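Below: one structure, written as structure tokens.
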Amino acid sequence: MIHMKEVYKKYPNGVVAVNGISVDINQGEFVYVVGPSGAGKSTFIKLMYREEVPTSGEVIINGINTAQLKRKEVPLFRRHLGVVFQDFKLLPKLTVYENVAFAMEVIEEQPKKIRKRVLEVLELVGLKHKLRMFPNELSGGEQQRVSIARSIVNMPKVVIADEPTGNLDPETSWEIMRIFEQINALGTTVVMATHNREIVNKIRKRVIAIEGGMIVRDVDGGDYGYEI
């Protein structure tokens, strides 16, 4: 599902953000990516959805070598991934329904299928009753739930989340985690970069810890492992 072999990422300023990482993440796994700020977590995550390209090594997602993708092929590649950001990235002039439906419209899905699937995922994230509202009428937690609904509406095999609870209060963060657990229970691989010690220690999953651009710990059912 996700395969990295001897991956290096060196930026033009000389910073080596990823330093020889090799890792495999299988279908249906739930993986936390943890580590101190500046450790290389964000670059590691961005390599998965081809926001960054490795300087050397292989990054293979769903059987596709991302380094070999042409720029025009990247949007098609990303249709098979779900990506959830810390700052939601919703379209402010579209309603909840329209934000989620947009992800299906760009792949030219039939309107009847769009409506059925959008209502399904909005029910899953508990926002079916707010489908006509706009992002600025929602709380931060509700906006993140819309973002999650959008990320899974095309039934991706992999959902990649970069600090999805970073801007949320503790209670809302737990609600978001319950949704990710539901998504994972349906067979979707979830990879989540997070600084949330409490969540990682309470909802035990595989933990990949990164320091200095290298994987220093990879444990099933592991804990957060860092002092804050």
Where labels lie 7 Å past Cα in the beta-carbon direction, separation of LYS113 and GLN27 in nm: 2.0 nm
Loop-located trypsin sites (Lys or Arg not before Pro) in the range 25-87 whose Cβ has at most 16 other Cβ within 10 Å (DSSP): LYS70, ARG79
Amide hydrogen neighbours beyond the local backbone of ILE210, cut-off 5 Å, H modeled: VAL34, GLY35, VAL216
Highest to lowest packing among 117-130, 152-165, scored as the average C-beta count within 10 Å: 152-165, 117-130
Accessible area (Å², per residue) of the range 174-228, counting only protein heavy atoms and a probe of 1.4 Å: 48 Å²
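How high is the relative contact order of the chain, in percent, with contacts defined as C-alpha pairs under 8 Å that are six or more residues apart?
On the way: 426 pairs, mean separation 65.4, N = 228.
Once divided by the residue count of the chain, the mean separation gives 29 percent.
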Computed lengthening from ILE60 to ASN136, 0.36 nm per intervening residue step minus Cα-Cα distance: 23.6 nm
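With every protein chain left in place, what is the accessible area per residue of the range 1-144 in square angstrom, probe 1.4 Å?
On the way: 7690 Å² over 144 residues.
Heavy-atom accessible area per residue stands at 53 Å².
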Cross-link pairs beyond the 23 Å C-alpha cut-off, checked among LYS41/LYS70; LYS41/LYS130; LYS10/LYS41; LYS10/LYS89; LYS70/LYS93: LYS41/LYS70; LYS41/LYS130; LYS10/LYS89; LYS70/LYS93
Total charge dipole magnitude, the chain, about the Cα centre, Cβ charges on Lys, Arg, Asp, Glu only, Debye to nearest 20: 780 debye
Alpha-carbon centroid distance for the pair the range 183-228 / the range 46-75, whole angstrom: 23 Å
Distance (nanometres) between label positions extended 7 Å along Cα→Cβ at GLU98 and GLN68: 4.1 nm
With every protein chain in place, the chain: carbon and sulfur % of accessible area (1.4 Å): 50 percent
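The values are calculated or read from the model by the stated rules, or taken from the named source; none is laboratory data. All of these numbers come straight from a predicted model, not from anything done at the bench. Don't worry about glycine lacking a Cβ; one is built from the backbone with ideal geometry, like all the others, and counts go over all protein chains shown. The accessibility values were calculated without ligands, DNA or RNA, using every heavy atom of the protein model including side chains. Shrake-Rupley method; radii C 1.70, N 1.55, O 1.52, S 1.80 Å.
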